[in-house]
Amino acid sequence: MDSLLAQHLTRLRAEAGWSLDQLAQETGVSRATLARVEKAQVSPTTDTLAKLCRAYGTSMSRLLALVEDQAPAVIPADDRKSWQDGDTGFTRSVISPPGADLAGEWLDCHLPAGQCISYDAPPRAGLEHHLLLLSGQLTVSVEGTAHSLSPGDCLRYRLYGATRFETGASAAHYHLFLL
């Protein structure tokens, strides 16, 4: 997966007509890190992928889906694609990927206890989110407003700015639907 992702990111940069230096300026990610990611020497963190997605105007799931073949109508549970951030342990599995004619994406996410992930901005302004907390405790800050969630709670929002996902003493398991 890292190798295919590296090739796709290199292709996206070429299509945008950017040098590594220009992409570094656009994303705030160091040129060295971008070069290692594009050579598949390191797996990008959640933060790095989010910044790349924002630069290319796509969601993380769409970026990852474009690396793979077009998703079939039925996606067996054993065939779900997962990605893990080595820094935080955050794991996201794609339950239903976006497609050429399907805009929605459904994710299964796990954030370990005592961890935090944050994004400066969405990949696309106004991206619609529906988050259902399945287990644990999770505080989601949307554009500076914190929402403390308990199992069964659903948080719905359109995103234009920063978000932050933070767990306390227990891990959080949640589903996220993006449209």
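Restricting to DSSP H runs of at least four residues, report the calculated mean residue ellipticity at 222 nm for the chain, -39500 (n - 2.57) per run over all residues, nearest 500 deg cm²/dmol. Write out the running numbers ahead of the final one.
Details: 5 runs with 50 residues, N = 179.
Theoretical 222 nm ellipticity from helices: -8000 deg cm²/dmol.
How much net charge surrounds Thr45 when only other residues with a Cβ under 9 Å from its Cβ are counted (Lys, Arg +1; Asp, Glu -1)? Write down the numbers at each step before the final one.
Numbers: positive: none; negative: Asp47, Asp85, Asp87.
Its environment carries a net charge of -3.
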Place a point 7 Å from the Cα of Thr91 in the direction of its beta carbon; the residues of segment 165-179 whose amide N falls under 16 Å from it are 171-176
Residues with amide H under 5 Å from that of Gln137, placed H, sequence gap 5 or more: Gly168, Ser170
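Rounded, prolate or oblate: pick one for segment 35-179, where a ≥ b ≥ c are the square roots of the eigenvalues of its C-alpha gyration tensor, a/c under 1.5 means rounded, and failing that, prolate if a/b is larger than b/c, else oblate.
Taking the square roots of the gyration eigenvalues as a ≥ b ≥ c, segment 35-179 is rounded.
On the accessible surface of segment 68-162, probed at 1.4 Å, how many percent belong to carbon and sulfur atoms? The partial results should precede the final answer.
Details: 2480 of 5100 Å².
Roughly 49 percent of what the probe reaches on segment 68-162 is carbon or sulfur.
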Can you give the net charge of the other residues whose Cβ lies under 12 Å from the Cβ of Leu138, counting K and R as +1 and D and E as -1? -1
Along segment 72-80, what does the Karplus equation 6.51 cos²θ - 1.76 cosθ + 1.60 (θ = phi - 60°) give for ³J(HN,Hα), rounded to whole Hz, x for Gly and Pro? x, 5, 10, 10, x, 3, 6, 9, 5
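Taking the Cα centre of segment 95-179 as origin, work out the dipole magnitude from +1 charges on Lys and Arg Cβ and -1 charges on Asp and Glu Cβ, in debye rounded to 20.
Details: 4 positive and 8 negative charges, 24 e Å.
With Lys and Arg at +1 and Asp and Glu at -1, about 120 debye.
Counting heavy atoms of the protein chains only and a 1.4 Å probe, report the per residue accessible area for segment 1-91 as a whole number of Å².
On the way: 4870 Å² over 91 residues.
Normalised by residue count, the accessible surface of segment 1-91 is 54 Å².
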3J(HN,Hα) from dihedral phi, segment 158-167, Karplus parametrisation 6.51/-1.76/1.60, rounded to Hz, x for glycine, proline: 9, 10, 10, x, 6, 9, 9, 10, 9, 9
Describe numerically, in nm with one decimal, the distance between label points set 7 Å from Cα along Cα→Cβ at Gln7 and at Ala73. 2.9
Extension gain from Arg80 to His175, taking 0.36 nm per residue of separation minus the Cα-Cα distance: 32.8 nm
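The values are calculated or read from the model by the stated rules, or taken from the named source; none is laboratory data. Note that this is a predicted model, so its numbers are computed, not measured. FYI the Cβ positions are ideal-geometry reconstructions off the backbone, even for glycines, and counts take in every protein chain you see. Accessible surface areas use protein heavy atoms only, side chains included; no ligands, DNA or RNA. Shrake-Rupley method; radii C 1.70, N 1.55, O 1.52, S 1.80 Å.
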